[in-house]
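The values are calculated or read from the model by the stated rules, or taken from the named source; none is laboratory data. Just so we're clear, the structure is a prediction, and the values are computed from it rather than from any experiment. Reconstructed Cβ throughout: ideal geometry from the backbone, glycine too, with neighbour counts over all protein chains shown.
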Amino acid sequence: MEIKQYLHPTDFNEIGKNELEDKLRIFKDAEKAFIKILDTNYNEIKFKDYPNYPDTLFNSTVERYSFSINEDIEFITDKTTIYGKRDSNRRMEALPDFIFVNKNGGSVELVKLRKQI
């Protein structure tokens, strides 16, 4: 797992004091996000109200955040596909899909950056 934090320049006084230190909360949030977006037939719990759950980052001071898969893997369901991508050279050439969550309006969307084949 890799967690990257990008703070607004005025937030530097808050480094180490934010909710992103709670890795369990982040895991739970990521799980809910991926289950909601993948919307598989075999998941009994769908998290249809995601991100509006008490244990998500949506209920923190974080304004927007995203999840992506940092491995060369893809998840395929009847409704969508999520591509992961590992860029071992760190050249930002990898273009994984990501789930973007924005508190303003409560939007959750799958964003695809790579060209579909």
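Rundown of residues vs (1) under 21 Å from Leu113 (Cβ atoms); (2) outside any helix (DSSP H, G or I); (3) modelled with pLDDT of 85 or more; (4) among the aromatic types (Phe, Trp, Tyr), yes/no style:
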| position | (1), (2), (3), (4) |
| --- | --- |
| Phe12 | no, no, no, yes |
| Arg25 | no, no, yes, no |
| Ile45 | no, yes, yes, no |
| Asp55 | no, yes, yes, no |
| Thr61 | no, yes, no, no |
| Lys79 | yes, yes, yes, no |
| Lys85 | yes, yes, yes, no |
Item checked: Looking only at the range 29-50, and only at residues there that are over 17 Å from Lys103 (Cβ atoms) and among the basic types (Lys, Arg), the one that is surrounded by the fewest Cβ atoms within 10 Å (Cβ to Cβ) -> Lys48
Margin query: Cβ-Cβ under 9 Å, sequence separation 6+ or interchain: first residue in the range 98-113 and under 19 Å from Lys79 (Cα atoms) and in contact (Cβ under 8 Å) with a residue 12 or more places away in the chain, partner in a loop (DSSP other than H, G, I, E, B) and of a type in the set (Phe, Trp, Tyr). Which pairs?
Written below: Val108/Tyr50
Next item on the list: List every residue pair whose Cβ atoms sit under 6 Å apart, with the two residues 6 or more apart in sequence or on different chains, where the first one lies in the range 24-52 and is farther than 15 Å from Ser66 by Cα and the second, anywhere, is part of a helix (DSSP H, G or I).
Entry: Asn43/Ile35; Phe47/Lys32; Phe47/Ile35; Phe47/Lys36
